[in-house]
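Working notes, structure below.
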Amino acid sequence: MDDKGRVGLIAKFREHFGESVTVLKWENHLMVMTPQNFEKLVGFVGERLSFDSATGVKNFFNPKVQKDRRHFFGNKFDLSFDAQGRLTIPKTLRERSDLLSDVVWTGCGEYLEPWAKKHWDADVLKWEQEGGF
């Protein structure tokens, strides 16, 4: 990650995403996915959050669901690649994810996760200590 918040992605992955990506802040890392896959997530949580369902309307008054809604939609960013194939991660998102220098890209099937190296190393260590697979 450079000092302007730009991070590169290899051409193979850029081709998969097209011109833009949807980025979600999740715990202490990010999730980078196609806008179409984000819409699938919206569909999954939709009944619980949507005004178009009786459950969603009822949940409107539930403080936990309101927080879930805020954090799910409030941590979503639509980003585009620049001419060099880089994403510019907004400063607030970089700071909240601690993505200030060394970035580890992790492939997770349908999406990618950029992590601050120190958080990635700590997460891997915790996973190993918990028995891994």
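So here's what we get for this one:
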{"read-out": "Whichever aspartates and glutamates have a C-alpha closer than 17 Å to that of residue 25, once near sequence neighbours (fewer than 8 apart) are set aside", "value": "39, 68, 78, 95, 98, 110, 113, 123"}
{"read-out": "Those lysines that a straight Cα-Cα span of less than 22 Å connects to residue 58, excepting residues fewer than 8 apart in one chain", "value": "67"}
{"read-out": "Rounded to the nearest 20 debye, dipole of the chain from Cβ charges on Lys, Arg, Asp, Glu", "value": "460"}
{"read-out": "Accessible-area order (highest first, 1.4 angstrom probe) of the listed residues 105, 26", "value": "26, 105"}
{"read-out": "Cα-based helix-to-principal-axis angle, 63-74 vs the chain, degrees rounded to 10", "value": "40"}
{"read-out": "Theoretical gain in end-to-end length, residue 128 to residue 3 [0.36 nm per residue, Cα-Cα removed]", "value": "41.8 nm"}
{"read-out": "Helix axis angle, 117-129 relative to the chain longest principal axis, alpha carbon, degrees", "value": "70"}
{"read-out": "Under 16 Å from residue 4, Cα to Cα: lysines that are on another chain or at least 8 residues apart", "value": "91"}
{"read-out": "Helix 35-49 axis, angle to the chain major axis (alpha carbon atoms, nearest 10°)", "value": "30"}
{"read-out": "Å² per residue, accessible surface of the chain at 1.4 Å", "value": "64"}
{"read-out": "Global form of segment 66-130, assessed from the alpha-carbon gyration tensor, a/c cut-off 1.5", "value": "oblate"}
{"read-out": "Cα gyration tensor of the chain - equivalent ellipsoid semi-axes, whole Å, descending", "value": "28, 20, 15"}
{"read-out": "Gain on full stretching of the segment that runs from residue 62 to residue 84 - 0.36 nm per residue minus C-alpha separation", "value": "3.4 nm"}
{"read-out": "Rounded percent of accessible protein surface that carbon and sulfur make up, the chain, 1.4 Å probe", "value": "55"}
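The values are calculated or read from the model by the stated rules, or taken from the named source; none is laboratory data. Just so we're clear, the structure is a prediction, and the values are computed from it rather than from any experiment. Methodologically, a virtual Cβ is constructed for each residue, glycine included, from the backbone with ideal geometry; neighbour enumeration extends over all protein chains shown. Surface areas here come from the heavy atoms of the whole protein model, side chains and all, with no ligands, DNA or RNA. Shrake-Rupley method; radii C 1.70, N 1.55, O 1.52, S 1.80 Å.
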